[in-house]
Each structure stands twice: as structure tokens, then as C-alpha cells.
1. Expressed as a whole number of Å, what is the distance separating the alpha-carbon centroids of segment 241-298 and segment 53-76?
2. DSSP loop (so not H, G, I, E, B), at most 15 other Cβ within 10 Å: list which chymotrypsin sites (Phe, Trp or Tyr not before Pro) in segment 200-289 pass both filters.
3. Tell me, what is the FRET efficiency for residue 206 and residue 112 to the nearest 0.05, using R0 = 22 angstrom and their Cβ-Cβ distance as r?
4. Residues of segment 113-140 with amide nitrogen under 20 Å from the 7 Å Cα-to-Cβ point of residue 264?
5. Which value, in Å to one decimal place, does the Kirkwood hydrodynamic radius take for segment 152-217 when every pair of different Cα atoms is included?
6. So, R0 is 41 Å and r is the distance between the beta-carbons of residue 183 and residue 243; what FRET efficiency does that work out to, to 0.05?
7. Per residue, how big is the convex hull of segment 90-155 when only Cα atoms are used? Give it in Å³.
8. Can you compute the FRET efficiency between residue 73 and residue 34 using 1/(1 + (r/R0)^6), with r the Cβ-Cβ distance and R0 = 51 Å? Round to the nearest 0.05.
Amino acid sequence: MNINDTRISDRPITSDLFKPNLAKRYNLDRVFAFFAWGATTIAVAILAWLLITILIDGIGTLNWNFIDSFASRKAERAGIKAALAGTLWVMGVVAVFSFPLGVGAGIFLEEFSEDNWFTRLVEINISNLAGVPSIIYGLLGLAAFVRILGPITGGRSVLAGGLTLVLLILPVIIVSTREALRTVPDGIRAAGFALGATRWQVIWNHILPAAMPGILTGMILSLSRAIGETAPLLAIGAASFIAFTPNGLQSSFTALPIQIYDWVGRPKKEFHDLAASGIIVLMTVLLLMNAGAIYLRNRFQQTR
């Protein structure tokens with residue numbers, strides 16, 4: 001047999017198996033894009049409708065007298081001063097405790113801990129705790145911070161409420177911190193070690209500043225969740241009607257979500273309008289808090 005007869009043919013392969021059906025793929029892409037845009041449009045439309053409804057109902061009662069008055073059984077005299085002050089106190093406690101604890105735990109698990117069965121067990125439990133219903137954390141806070149640590153926290157106090165919300169958001173902060181640390185290139189670590197820096201010096205001076213934008217993003221999401229929680233605060237016994245502002249960490253308190261929940265449950269329409277005004281105030285506090293965190297995040301991004 002001539003060896004030339006066994007050469008591979010130069011003719012192109014015409015089998016349908018090697019012909020991609022591009023038209024079908026493009027059509028599927030268009031269908032998927034249509035449903036994606038449709039779902040996004042519906043979600044945005046519902047959100048816009050809710051916001052417009054809240055603004056229409058609440059803008060009429062939103063004035064300085066509403067901000068500077070305490071809760072009352074009469075709608076024309078009711079205000080949100082105590083709830084606003086209580087929310088600011090509680091969120092201050094949450095920010096002070098959650099940031100160092102969450103970020104510190106994330107740094108230890110990602111940079112210092114060894115890969116063994118105990119570390120993997122802790123990681124699994126942290127991931128699972130991020131999905132636990134908030135009322136469970138409320139019951140935990142009731143048992144730990146109100147009853148067991150009552151002499152320290154003052155019982156049903158600002159400190160107990162803040163620590164309960166800290167437990168609620170810690171898993172999210174830890175997970176987001178670890179993910180932010182993983183985005184930092186290993187070359188930065190290697191360069192620091194090559195110059196003779198210790199592990200902590202490398203983390204503090206190089207890794208942490210580079211990961212801070214991602215860490216602050218996790219903090220924004222966590223604090224946004226904490227400020228709107230009602231069930232944990234009700235579980236620990238936060239008051240729904242008080243006529244004073246907190247004067248310390250061991251003081252009784254109420255919060256904006258609790259006050260809104262109380263007004264919504266009343267039959268008179270005037271209280272429903274007050275609830276809408278309270279929602280506007282709550283959203284304003286949330287936006288201001290997030291704006292500060294976003295500003296810090298952008299500053300860290302510019303200094304990288």
C-alpha cells in the first residue's frame with residue numbers, strides 16, 4: 001500500500017456534530033435576557049410603588065413636631081423621638097462590637113488558623129448561622145444578655161439589644177471578611193515576607209488595607225439588616241411605648257421598627273400615616289449610615 005494513500009484528507013469535516021447551532025443559541029440568549037429584564041422590571045416597579053405609597057401616606061405627618069415628640073395614644077400628638085434615639089444607641093453598640101469581633105474572627109480564620117477538622121467545623125457552623133432566623137437570636141439574647149448577664153447589661157436594655165443584633169450579623173461579617181481577604185493576591189504576602197516582615201505586619205500594613213473595601217461592603221449589608229430587625233428586639237423585651245430617651249447603655253429603649261410595628265397594628269388610619277412617616281425616617285437613617293460606610297470604602301479604594 002502506498003503511504004500517500006493513507007494521508008488524512010484535506011477536505012473539511014461536514015458532519016452536523018461539529019456544526020454549532022448558533023441561531024438556536026442566540027434565540028435562547030434572547031429568551032433568557034427577556035425573562036431577566038422582565039423579572040428586574042417587575043421587582044423595581046413593585047419597589048417603586050411601595051416607596052411612592054409610603055411617601056404619599058407619610059409626607060403629610062412628617063414634620064419637626066413628629067421628630068421631636070414622644071409616642072402617644074393620640075395620633076395628633078404622637079412622635080418618634082424615643083424610637084429614633086433608641087435606634088441610634090443600639091446601632092452604635094452594634095457598630096462598636098461587631099466590627100472588631102467580626103473582622104478579627106475573619107482574619108484569624110483566614111490568615112492564622114490551621115486547616116484541620118476543628119477549623120472546618122467552625123467554618124461550617126458560621127456559614128449555617130448566617131441563615132438562622134432572627135427570632136432564634138432574639139431568644140438567645142434573652143437567655144444570655146437579659147437573664148444570665150442581667151447584672152452587667154441591665155436586663156432589657158440598650159446594651160442587651162445591641163449585643164443581640166451583634167450575634168445576628170457576626171456570621172455575615174466573618175464570611176465577607178474572609179472573602180475580601182481571599183481577593184488579595186498572594187504576591188503581596190510573599191513580598192512582605194521576603195522583606196523580613198512578620199505575619200502580623202504583612203496583614204496590618206498590606207493585606208487589611210487592600211481588603212478593607214470588601215470588608216466595609218459586608219459591614220454595610222450587615223448593618224442594613226440589623227437596623228430593620230424587629231423580632232430579636234421584641235424577644236428580649238424592648239418596650240413598645242416609652243416617653244423618654246435612653247440615657248445610658250443600661251437604659252430601657254424602643255426602636256424605630258418596633259414603633260412602626262406598633263402603629264401599623266392599630267386600627268386608626270392616622271396611626272398608619274404615622275407608621276409611613278416612621279418608615280421614611282428609618283430609611284433616611286439607613287441611607288445616611290450606608291453613605292458614611294460607602295465614603296470610607298471609596299477612600300480605601302483610592303489609597304490602594
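1. Using only Cα atoms, the two centres lie 12 Å from each other.
2. Filter output for segment 200-289: 241, 244.
3. On the way: r = 16 Å, r/R0 = 0.71.
Result of the calculation: an efficiency of 0.90.
4. Counting backbone N atoms under 20 Å from the label point, the list is 133-139.
5. Values: mean 1/r = 0.0718 Å⁻¹.
Taking the inverse mean of 1/r over all distinct Cα pairs, segment 152-217 comes out at 13.9 Å.
6. 0.25
7. 118
8. For R0 = 51 Å, the calculated efficiency reads 0.45.
Computed from the coordinates by the stated procedures, all read-outs in this text should not be read as laboratory data. The structure displayed is predicted, hence computed values, not measured ones. Neighbour counts are summed over all protein chains in view; Cβ atoms, including those assigned to glycine, are modelled from backbone coordinates with ideal geometry.
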